[in-house]
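Asks: This is the structure I have questions about; it appears just below.
The values are calculated or read from the model by the stated rules, or taken from the named source; none is laboratory data. Every value quoted in this text rests on a predicted model; they were computed, and no experiment measured them. Neighbour counts run over all protein chains shown; Cβ positions are idealised from the backbone, glycine included. To get the accessible areas, we keep the full protein, side chains included, count just its heavy atoms, and leave off ligands, DNA and RNA. Shrake-Rupley method; radii C 1.70, N 1.55, O 1.52, S 1.80 Å.
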There are 2 protein chains.
Amino acid sequence: MTPNRTPDPASSIDTPLVAVIGGGQLGRMLALAGIPLGLQFRFLEQSPSPPGSAVGEVISAPYDAPDAIAALIEGAAAVTYEFENVPVEAVLALPDSVPVFPPPAALRMAQDRLDEKKEFHRFGVETAPFRPVSSMAELETAVADVGLPAVLKTRRFGYDGKGQVVLRSEADLAPAWEELGSHPLILEGFVDFRRELSVIGVRGRDGSIAVYPLTENDHWEGILRRSRAPAPECGEALISEARGIVTRILEGLDYVGVLAVELFDTERGLIANELAPRVHNSGHWTQDGAVTSQFESHLRAILGLPLGSVDAVGFTTMVNLIGALPPRAALAAIPGCHIHFYGKSPRPGRKVGHVNITGPDEASVRERADRVEKLLAE
Amino acid sequence: MTPNRTPDPASSIDTPLVAVIGGGQLGRMLALAGIPLGLQFRFLEQSPSPPGSAVGEVISAPYDAPDAIAALIEGAAAVTYEFENVPVEAVLALPDSVPVFPPPAALRMAQDRLDEKKEFHRFGVETAPFRPVSSMAELETAVADVGLPAVLKTRRFGYDGKGQVVLRSEADLAPAWEELGSHPLILEGFVDFRRELSVIGVRGRDGSIAVYPLTENDHWEGILRRSRAPAPECGEALISEARGIVTRILEGLDYVGVLAVELFDTERGLIANELAPRVHNSGHWTQDGAVTSQFESHLRAILGLPLGSVDAVGFTTMVNLIGALPPRAALAAIPGCHIHFYGKSPRPGRKVGHVNITGPDEASVRERADRVEKLLAE
């Protein structure tokens, strides 16, 4: 009469496998959202014990090692990636037998700032003025065209403010070229914006689309620090413009999964900054502030399940924990503070966790978020 | 300039280990709540690939094997259990160096229906009339005392309606004794109740207490089928009575962790049915319907962290998935339906998952829950 806890024959359990290229915190949070759906996860990651290792199998190898890719996708119901610097060739080389989402075209667009800008234009989405730069002479012409200040960026592999230099006067050109000139570059004109927003959309395998409420983002030194959702002071016109942008891109790329577009809110409308073909830091608030999180939405999409509601539940502010983690007890003492640690060792400038702060109204959420910031400053 | 994804030295990551006796769905959901807090999990479970295996290490051995216990608790920040039939002796034998919560006294109380009833009375909590039964003669006297109908139950190891026989007439006594007489028994008088409720409380290591809104539960064939929270039609007096009951027990047992008390709502007040010294099926709604889930509350308590808010967020109905899982796509198509599959193979009468249904008002939640029930009937 003791409870029956006899072993399960594994074969009788329906647990579709999701194969993820990359095993960082985004992979970890995908799995945390997917395990309750009865899914299992396998990650391909260079580091042997990445954040994903707590919630799935890890194949420790370079992202483009053919043997590792084969091991990764064996038996998978779907393949996805959790960062955009996966080699497109590695994705294109995957056998047709396993569905891979988002589509490689989105990956390619996200990997090259020049292609990205051109694609935005193709989808009728405004961007900052830009010029490709491959020589000092081109840099000078580009500056003459777009004006100063401007930002010189590497076309590929920039992230969190790395690989870019702000040009404020003619004197900045030579040192910037010195620093970055060995890479293919793009010069981007400054955009005079009121604030940074992002819009996160998801498209299912059946073409259905859902768009989360807009997020307002604060960056500092090129790294996202704080997101608020739903973004305050968004009129119908602004919301509709943002929805149009993400919808045109989702449809234009025949996209499946979650897509994030970073936007500048300017006097002449919304201007796209960049796109992430994956779940995105500015969507982490959805874990505790939306009916369906961006992680679950991505999984539903790539597995061909119906999309869930992306409505916000109350007000949420996300605060990134960068470089160090405040004590758990101090965070837990703040009402409505939802802790998300990534299992990474602290290091200056490194995202090691975030918190989502929920509350009954915007004022209390703001006060609680300020308490978190105070802990971070200590 | 590619992203830096070099390995973490494991020693530099602060991930306290929680050791869990049992590795079923409750352990799995504890870990799903605890991994975002930066915790790691190890389970002791007889079966080699229990639900917990997706989210932690599993030591596959009997619950009272000394070697296995030693391996389980090595390096643990706290030890807990996820079902109440853990041998008390095994828990008492744990070294003092590792904190074990909830206290063994609560385990003992929950393991024996006679002790449980006596303890309820000691804490000033009403129960159904009861008599211990160890012979056919005692059964006859007990029936004369408490009246018919009544329920003859094994004192130990009953769960989900197993190990009990309803007595409606004198003719039922002999067959019931025949079936159960080899075990120590208890006879419980019938309680005329309007509905079944449960109250879930949590007590921290510092003695702080938080009590969730009441849950209304529907059982069928002795198994919980549906819970609604916050329970409708609860006046201040009823809420206060329930809070008093769980608070007296939490304090009386010097309890740490989550405790659930099943209650009958009767004309003469609340009557305790039984207690669970752990996270409880009737608290699963808190995963999607409360600021802090019962799983996170339990972890905060046993690790000495401040308790979080246990306020409800909107209305939630939990529906157990018993014996079989409806197709994911059908569940995902129901608005506000949050899927929680346990990774167990389906078997008649077995809990293999649950869904939490949220919505803007009680009527829409009820309609959505009915759609889930319809799927279950198919």
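Asks: Count, please, the residues in the range A:230-258 that happen to be touching a strand residue (DSSP E or B) at 6+ places or on another chain (Cβ under 9 Å) and polar (S, T, N, Q).
Replies: 1
Asks: Let me ask something else. Pairs needed: first member in the range A:300-315, facing chain B (nearest Cβ under 7 Å); second member anywhere, of a type in the set (S, T, N, Q) and open to solvent by less than 40 Å² (accessible area, probe 1.4 Å); C-beta distance under 7 Å; at least 6 residues apart or different chains.
Replies: From the range A:300-315, the pairs are A:Gly308/A:Thr292; A:Gly308/A:Ser297; A:Ser309/A:Thr292.
Asks: Kindly indicate the residue of the range B:316-333 that is open to solvent by 40 Å² or more (accessible area, probe 1.4 Å) and more than 8 Å from chain A (Cβ to nearest Cβ) and also farthest from B:Ala77 (Cα to Cα) among those meeting that condition.
Replies: Filtering the range B:316-333 down to residues open to solvent by 40 Å² or more (accessible area, probe 1.4 Å) leaves B:324-325, B:327, B:329, B:333.
Now restrict to residues that are more than 8 Å from chain A (Cβ to nearest Cβ): B:324, B:327.
Working: B:Ala324: 37, B:Pro327: 39 Å.
Top of the filtered list is B:Pro327.
Asks: I need the full set of residues from the range B:241-271 which are farther than 21 Å from B:Arg113 by Cβ and either open to solvent by 20 Å² or more (accessible area, probe 1.4 Å) or free of Cβ contacts under 8 Å to residues at least 24 places away in the same chain (or both), in order please.
Replies: Passing the criteria: B:Glu241, B:Arg243, B:Gly244, B:Thr247, B:Glu251, B:Asp254, B:Glu267, B:Arg268.
Asks: Hey, another quick one. Does at least one position in the range A:123-132 carry a residue that is open to solvent by less than 20 Å² (accessible area, probe 1.4 Å) and in contact with a Pro (Cβ under 7 Å, 6 or more places away or on another chain)?
Replies: For the range A:123-132, residues open to solvent by less than 20 Å² (accessible area, probe 1.4 Å) and in contact with a Pro (Cβ under 7 Å, 6 or more places away or on another chain): absent.
Asks: Could you count how many residues in the range A:185-208 are at pLDDT 95 or above, buried (at least 16 other Cβ atoms within 10 Å of the Cβ), part of a loop (DSSP other than H, G, I, E, B) and not basic (Lys, Arg)?
Replies: 1
Matching residues to (1) more than 21 Å from B:Gly289 (Cα to Cα); (2) touching a Cys at 6+ places or on another chain (Cβ under 9 Å); (3) more than 8 Å from chain B (Cβ to nearest Cβ):
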site: A:His340; (1), (2), (3): no, no, no
site: A:Gly343; (1), (2), (3): yes, no, no
site: A:Pro346; (1), (2), (3): yes, no, no
site: A:Gly349; (1), (2), (3): yes, no, yes
site: A:Gly353; (1), (2), (3): yes, no, no
site: A:Thr358; (1), (2), (3): no, yes, no
site: A:Asp361; (1), (2), (3): no, no, yes
site: A:Arg366; (1), (2), (3): yes, no, yes
site: A:Leu375; (1), (2), (3): yes, no, yes
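Asks: Also, I was wondering about something else. Working only within the range B:23-75, note down all residues that are charged (D, E, K, R) and more than 18 Å from B:Ser345 (Cβ to Cβ).
Replies: B:Arg42, B:Glu57, B:Asp64, B:Asp67, B:Glu74 - these are the residues of the range B:23-75 that are charged (D, E, K, R) and more than 18 Å from B:Ser345 (Cβ to Cβ).
Asks: Additional query: Any idea which of (1) surrounded by 20 or more Cβ atoms within 10 Å (Cβ to Cβ); (2) on the phi > 0 side of the Ramachandran plot is the one B:Gly147 doesn't satisfy?
Replies: Exception for B:Gly147: condition (1).
Asks: List pairs: first residue in the range A:101-128 and on the phi > 0 side of the Ramachandran plot, second residue surrounded by fewer than 18 Cβ atoms within 10 Å (Cβ to Cβ) anywhere in the structure, Cβ distance under 7 angstrom, at least six positions apart or on different chains.
Replies: Hits for this filter: A:Gly124/A:Arg248.
Asks: Is one or more of the residues making up the range A:334-356 in contact with a Phe, Trp or Tyr (Cβ under 9 Å, 6 or more places away or on another chain), polar (S, T, N, Q) and open to solvent by less than 10 Å² (accessible area, probe 1.4 Å)?
Replies: yes
Asks: Just to be sure, is A:Pro48 within 11 Å of another protein chain (Cβ to nearest Cβ) and either assigned to a strand (DSSP E or B) or touching a His at 6+ places or on another chain (Cβ under 7 Å) (or both)?
Replies: no
Asks: On to the next question. So which of A:Pro99, A:Pro103 ends up being out of contact with any Cys (no Cβ under 8 Å at 6 or more places or on another chain) and open to solvent by 30 Å² or more (accessible area, probe 1.4 Å)? Walk me through how you get there before you give the answer.
Replies: Numbers: A:Pro103 fails: open to solvent by 30 Å² or more (accessible area, probe 1.4 Å).
That would be A:Pro99, the only listed residue that is out of contact with any Cys (no Cβ under 8 Å at 6 or more places or on another chain) and open to solvent by 30 Å² or more (accessible area, probe 1.4 Å).
Asks: Then there's this: Scanning for something open to solvent by less than 20 Å² (accessible area, probe 1.4 Å), out of contact with any Gly (no Cβ under 6 Å at 6 or more places or on another chain), modelled with pLDDT of 95 or more and within 11 Å of another protein chain (Cβ to nearest Cβ), does the range A:56-67 turn up at least one residue?
Replies: The answer is no, given that none of the residues of the range A:56-67 is open to solvent by less than 20 Å² (accessible area, probe 1.4 Å), out of contact with any Gly (no Cβ under 6 Å at 6 or more places or on another chain), modelled with pLDDT of 95 or more and within 11 Å of another protein chain (Cβ to nearest Cβ).
Asks: Taking the range A:367-378 as the search range and keeping residues that are among the acidic types (Asp, Glu) and assigned to a helix (DSSP H, G or I), which one is surrounded by the fewest Cβ atoms within 10 Å (Cβ to Cβ)?
Replies: A:Glu373
Asks: Among the residues in the range A:282-301, are any more than 16 Å from the chain's Cα centre (by Cα), of a type in the set (A, V, I, L, M, F, W, C) and over 28 Å from A:Lys351 (Cα atoms)?
Replies: no
Asks: With the checklist (1) surrounded by 18 or more Cβ atoms within 10 Å (Cβ to Cβ); (2) within 11 Å of chain B (Cβ to nearest Cβ) in hand, flag the one item A:Thr15 doesn't pass.
Replies: Going through (1) surrounded by 18 or more Cβ atoms within 10 Å (Cβ to Cβ); (2) within 11 Å of chain B (Cβ to nearest Cβ) one by one, A:Thr15 breaks only (1).
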